[in-house]
Amino acid sequence: MTRLLLNLILMGIITIGIYWLIVTFIPAFSGYSIPIALLLGITIGFFIYIQIDNRIGP
């Protein structure tokens, strides 16, 4: 449970970071920044969760 909770927090931090990067450095995509940030944040966070889960095991 703690791994899942930590990963959800990590997904949120990654999403906020990607959102900030898009809004700050690519203002032309600012209208699409929330969907792009959510998609990339969840995808990267889930990938990290899988990598940690495979390394630690059940």
In this structure, does Asn54 turn out to be assigned to a helix (DSSP H, G or I) and modelled with pLDDT under 85?
-> yes
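Kindly evaluate Leu5 against the criterion of being surrounded by 13 or more Cβ atoms within 10 Å (Cβ to Cβ) and at pLDDT 85 or above. Please lay out each step first, then the result.
Working: surrounded by 13 or more Cβ atoms within 10 Å (Cβ to Cβ): no; at pLDDT 85 or above: yes.
When the stated conditions are applied, Leu5 does not pass them.
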Given the residues Ile22, Ile16, which is the only one that is of a type in the set (Val, Ile, Thr), at pLDDT 95 or above and either within 10 Å of the chain's Cα centre (by Cα) or surrounded by 13 or more Cβ atoms within 10 Å (Cβ to Cβ) (or both)?
-> Ile16
Hey, any hits in the range 44-51 for a residue that's in contact (Cβ under 8 Å) with a residue 40 or more places away in the chain, surrounded by 11 or more Cβ atoms within 10 Å (Cβ to Cβ) and part of a helix (DSSP H, G or I)?
-> yes
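The values are calculated or read from the model by the stated rules, or taken from the named source; none is laboratory data. Not measured: the values here are computed from a predicted model. We place every Cβ from the backbone using ideal geometry, glycine too, and count neighbours over all the protein chains shown.
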